[in-house]
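Asker: Structure provided below as structure tokens; questions to follow.
Read-outs throughout are calculated quantities, based only on the coordinates presented, and are distinct from any laboratory measurement. Because the structure is a prediction, the values reported are computed rather than measured. All Cβ positions, even for glycine, are placed from backbone atoms using ideal geometry, and neighbour counts span all protein chains on display.
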Amino acid sequence: MSKLTVDIASIQLANPVLVSAGTFGYGDELAEVMDINQLGAIVTKTLTLKPRLGNPAPRIIPTTGGMMNSVGLQNMGIESFLQTHLPELRQKITIPLIVSIMGDSPEEFKSLAGMFNGLTGVSALELNLSCPNVKAGGSSFGVDPQLAGEVVQAVKEAVKLPVFAKLTPNVTDIGVIAKAVEAAGADAIVAVNTFNALSIDPETHHSRLGNWKGGLSGPAIKPLALYQVYHTVQAVKIPVIGMGGILTASDALEFILAGASAVSIGTGNFINPRTPLKVIKGINQYLEKHHLSDFQTLRGTFNPSLSG
């Protein structure tokens, strides 16, 4: 077997395939249908300071080549997760567990992060920077380099765990945001979250979602996400975990060729929970076919000047 191991922020992954926040529950819900410990790492759904009910239904609708969601970050809240769910996860998961968190302000992000000090069973924190900044009128932290940097810096002051910044693609230049979170101390970047999208029912003149807008994901966004990941990789020196419409090993390899250190599967988990395992197997088969001993020899080898 070819070598698939990769280190990201001093966290060793057995392979470069993760599952994305919000698509794999809290970490163990799919343990009955697959061996979750074959994954590179698991990212929990995003947790907030207090429990959230989320947006009104419908929350997920199909689109051409993908899906739209407006779940609204429904979750049990950080205290319930730490007290009741994390102890169970420690018994089931032997691979790295990355917890996604979201706050309404840099101070709230800092408070959330501080709750992980002294805990075992968590390898890193992922910061959902696509959430609204209440103090700044509801605009996303991830669209403002200064605000994004402030969140990362606040979290780094509060916790010793590695910190991953998850970026939104809904910006003019993602490289500017990437540089800001790197300068603030982020240990890795996750790119990209969903694209802002809208679906209107001509019969009712209302949105097809319970909320007026949602996030577009799935194969339809892969070329867009791949471009954003390539641009991010060019802007920073820290590892980038690429995501956006990955369903196959070929999809994953595109992100690796663009410079991603690892990839994350999101919508593919809804289509088939075993999608990440198929991607891992497919990457291995590709490496063996091309007589490559280590997948990292492929990373960042895309050369735009040789295209066409």
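Asker: DSSP loop chymotrypsin sites (Phe, Trp or Tyr not before Pro) in segment 212-256 with at most 14 other Cβ atoms within 10 Å of their Cβ, which ones?
Answerer: In loop regions of segment 212-256 (DSSP not H, G, I, E or B), the sparsely surrounded chymotrypsin sites (Phe, Trp or Tyr not before Pro) are 212.
Asker: I'd like the GluC sites (Glu not before Pro) in segment 1-110 restricted to DSSP loop residues with at most 15 other Cβ atoms within 10 Å, sorted by number.
Answerer: Numbers: sites: 29, 32, 79, 88, 107, 108; in loops: 29, 32.
In loop regions of segment 1-110 (DSSP not H, G, I, E or B), the sparsely surrounded GluC sites (Glu not before Pro) are 29, 32.
Asker: Continuing with this model, one more query. Can you tell me how segment 1-137 classifies by the Cα gyration tensor, rounded, prolate or oblate, using a/c under 1.5 as the rounded cut? Mind showing how you got there, number by number?
Answerer: Working: a/c = 1.64, a/b = 1.23, b/c = 1.34.
Oblate.
Asker: Let me ask something else. Per DSSP H run of n ≥ 4, the term is -39500 (n - 2.57); total these for the chain, divide by its residue number, and report the mean residue ellipticity at 222 nm rounded to 500 deg cm²/dmol. List each step's numbers first, then the result.
Answerer: On the way: 8 runs with 82 residues, N = 308.
-8000 deg cm²/dmol, from helical runs alone.
Asker: Now a separate question. What is the sum of charges, Lys and Arg at +1 and Asp and Glu at -1, for the other residues whose Cβ falls under 15 Å from the Cβ of residue 293? Present the calculation step by step, with values, prior to reporting the outcome.
Answerer: On the way: positive: 3, 289, 299; negative: 288, 294.
My count for the surroundings of residue 293 gives +1.
Asker: Count charges around residue 214 for me, please; just the other residues with Cβ under 11 Å from its Cβ, Lys/Arg as +1, Asp/Glu as -1. Walk me through the numbers on the way to the answer.
Answerer: Values: positive: 59, 208, 213; negative: none.
Neighbourhood net charge equals +3.
Asker: Also, quick follow-up: Which entry in [x] 22.6, 71; [y] 17.8, 53; [z] 18.4, 57 is this structure's computed Rg and Dmax of the Cα atoms in Å?
Answerer: The listed entry that was calculated here is [z].
Asker: In square nanometres, what is one fourth of the surface area of the convex hull spanned by the alpha carbons of segment 13-86?
Answerer: 6.3 nm²
Asker: Once you sort the root eigenvalues of the Cα gyration tensor of segment 121-266 as a ≥ b ≥ c, which label holds: rounded (a/c under 1.5), prolate (a/b larger than b/c) or oblate (the other case)?
Answerer: Numbers: a/c = 1.96, a/b = 1.23, b/c = 1.59.
It comes out oblate by the Cα gyration axes.
Asker: Using Cβ contacts closer than 10 Å as the measure, can you line up 251, 104 from fewest to most? Walk me through the numbers on the way to the answer.
Answerer: Working: 251 21, 104 16.
So the ranking, lowest neighbour count to highest, is 104, 251.
Asker: Under the rule a/c < 1.5 gives rounded, and otherwise a/b versus b/c splits prolate from oblate, where does segment 190-308 land using the Cα gyration tensor?
Answerer: prolate
Asker: What list do you get for 141, 302 if you sort them by fewest beta carbons within 10 Å?
Answerer: On the way: 141 31, 302 17.
Fewest-to-most Cβ neighbours within 10 Å comes out as 302, 141.
Asker: I would also like to ask the following. With 10 angstrom as the radius, rank 11, 246 by how many other C-beta atoms surround their C-beta, starting from the fewest.
Answerer: Details: 11 20, 246 29.
Starting with the residue having the fewest Cβ neighbours, the order is 11, 246.
Asker: Tell me the net charge near residue 259. Cut-off is 14 Å between Cβ atoms, residue 259 excluded, with +1 for each Lys or Arg and -1 for each Asp or Glu.
Answerer: Working: positive: 237, 299; negative: 254.
Value of the local net charge: +1.
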